[in-house]
Amino acid sequence: MKASAIAHPNIAFVKYWGKYNDKLYLPMNGSISLTLNELTSQTTVEFGNFKADQITLNKNDASDDKKILKQLDLIRQLAGITKRAKVVSNNNFPTASGLASSASGLAALTVAACKAAGLDYDKKQLSIITRQGSGSSCRSIYGGYVEWRMGASNDDSYAIQLADENYWDIRDIIAIVANREKKVKSTVGMEETVKTCPLYQGRLAVVNHHLAEVRAAITERDFKRLGEVAEYDSLMMHATMIATKPSLLYWAPGTVAIIHAIGDWRAEGLPVYHTIDAGANVHVITLPENAAEVEKRLRKVEGVNDIIHCRPGGDANLIEKHLF
Ligand code: DP6
């Protein structure tokens, strides 16, 4: 009753920010993302005769992590087992970088734990189950370009692959930005936005258009079309965050410096766009032939601490090597 899995985080071009069902993690809108190869979460799960669940994340005890405990309970319930679990999980990216996205962590946990519990689920079922632990993780079940369909019920809200990781090589140059502020976690932040932000309905009114644009841009491998809508969708999400009560301002000075710089670089003819999640780091999207130049320029922007260059990544998968 032991299994291990690997999964990658993803960056959304049309963002998920808000649920209409907080228990089942059913989203207010569909979203589309790219899975990121260079970042990984590896997780081993064993169900056995342990006294309690034992969870170790990046070598630290995390046995009280509510998201993981809830996900283990869901999988035990589906498998009809009561055995406690031992979980060890490592990210290959520094936790302090603010990239500790729950997407890859939950996807790797779900794939490993389902297998360890004897549940032989297909990707659609895995996507539905991991979604209930963290919404964005349902997209990390697949590699490449992935759409999470909003759906109207639990069984109906899952991710599908639009194109695999070899279909179109674009790059996500992640600029890690100095940030000392404590950020509000996505789950809580989006709940507050849905409840208090008068601009939120405005975003919902245009998001289906953004989804159609991104799908078309992927089909046509039209980088300008993709970049323009991704950047706008991200800014619109941040506008709703900023107009939440109390305001959710995830940006740091370095974030704003990069936004300005990208506008200048684009005016010079460099194909480069930004998209930002619930944090200060900036995902800078560009084409392979411009990636080295973009990286070089980003390193000179004040407030940029580090750069991670990501290519399109693959599916979440079971792996042979166990972490214990
Ligand atoms: C801004 O998936 O982390 O990255 O479902 O509550 O666990 P929960 O939230 P989470 O939210 C991700 C929000 C985002 C946008 C996105 O990835 O689509």
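Couple of notes before you dig in:
- Here is the tail figure for the chain: Cα pairs spaced more than 31 Å apart come to 28 percent of all pairs.
- From largest to smallest, the equivalent ellipsoid semi-axes obtained for the range 80-213 from the alpha-carbon gyration tensor read 26, 21, 19 Å.
- Of all DSSP beta bridges confined to the chain, the antiparallel ones make up roughly 90%.
- Gyration tensor verdict on the range 203-278 (Cα atoms; rounded if a/c is under 1.5, prolate if a/b is larger than b/c, oblate otherwise): oblate
- Remark: spin-label model distance I319-L249 equals 4.0 nm, labels positioned 7 Å along the Cα→Cβ axis.
- Per residue accessible area in Å² of the range 238-324, where ligands, DNA and RNA are left out and the probe is 1.4 Å: 46
- About the centre of its Cα atoms, the range 82-176 shows a dipole size close to 500 debye [charges on the beta carbon of Lys, Arg (+1) and Asp, Glu (-1) only; nearest 20 debye].
- Under 15 Å, Cβ to Cβ, from C138 - net charge with Lys/Arg +1 and Asp/Glu -1: +3
- Taking the chain as a Gaussian network of alpha-carbon nodes connected by springs under 10 Å, the highest mean-square fluctuation of the residues G189, G133, G143 belongs to G189.
- Gyration tensor (alpha-carbon) shape descriptor, the range 2-82, a/c threshold 1.5: oblate
- Seen from Y167, the other residues with C-beta closer than 15 Å to its C-beta sum to a net charge of -3, counting Lys and Arg as +1 and Asp and Glu as -1.
- Ratio of Rg to Rh over the range 247-324 (Cα coordinates, Kirkwood Rh, two decimals): 1.09
- Centre-to-centre separation between the Cα atoms of the range 77-152 and those of the range 30-67: 8 Å.
- Only one residue of Y142, T82, F47 has its Cα farthest out toward the positive end of the dipole of the chain, where Lys and Arg carry +1 and Asp and Glu -1 on Cβ, and that residue is T82.
- Accessible area of the range 108-156 divided out per residue, in Å², using a probe of 1.4 angstrom: 29
- Computed over protein heavy atoms with a 1.4 angstrom probe, the accessible surface ordering of D64, D222, largest first, is D64, D222.
- Candidates A216, A117, A107, ranked by Gaussian network fluctuation over the chain, Cα under 10 Å, top entry: A216
- Near I55, the amide H atoms lying under 5 Å from its own belong to A62, S63, V87; only residues 5 or more places off or on other chains count, and H is placed 1.01 Å from N.
- Highest mobility in the GNM of the chain, judged by mean-square fluctuation with C-alpha springs under 10 Å and restricted to A163, A152, A278, is found for A152.
- Taking amide H as placed 1.01 Å from N in the peptide plane, N305 has its amide H under 5 Å from the amide H of I176, V177, A178, each at least 5 places away in sequence or on another chain.
- The chain, relative contact order in percent, only Cα pairs under 8 angstrom and at least six apart counted: 26
- In the chain, helices alone account for a calculated mean residue ellipticity at 222 nm of -11500 deg cm²/dmol, with every DSSP H run of four or more residues adding -39,500 (n - 2.57).
- Within the accessible area of the chain (1.4 Å probe), percent carbon and sulfur: 51
- Normalised per residue, the volume of the convex hull around the Cα set of the range 137-204 (Å³): 163
- Ranking by accessible area, most exposed first, for E228, E192, E320 with a 1.4 Å probe: E320, E228, E192
- Summing +1 for each Lys or Arg and -1 for each Asp or Glu among the other residues whose beta-carbon sits under 11 angstrom from that of A178 gives -2.
The values are calculated or read from the model by the stated rules, or taken from the named source; none is laboratory data. Just so we're clear, the structure is a prediction, and the values are computed from it rather than from any experiment. Every residue, glycine among them, receives a Cβ derived from its backbone with ideal geometry; neighbour counts consider all protein chains shown. Quick note on the areas: whole protein, heavy atoms, side chains included, nothing else; ligands and nucleic acids left out. Shrake-Rupley method; radii C 1.70, N 1.55, O 1.52, S 1.80 Å.
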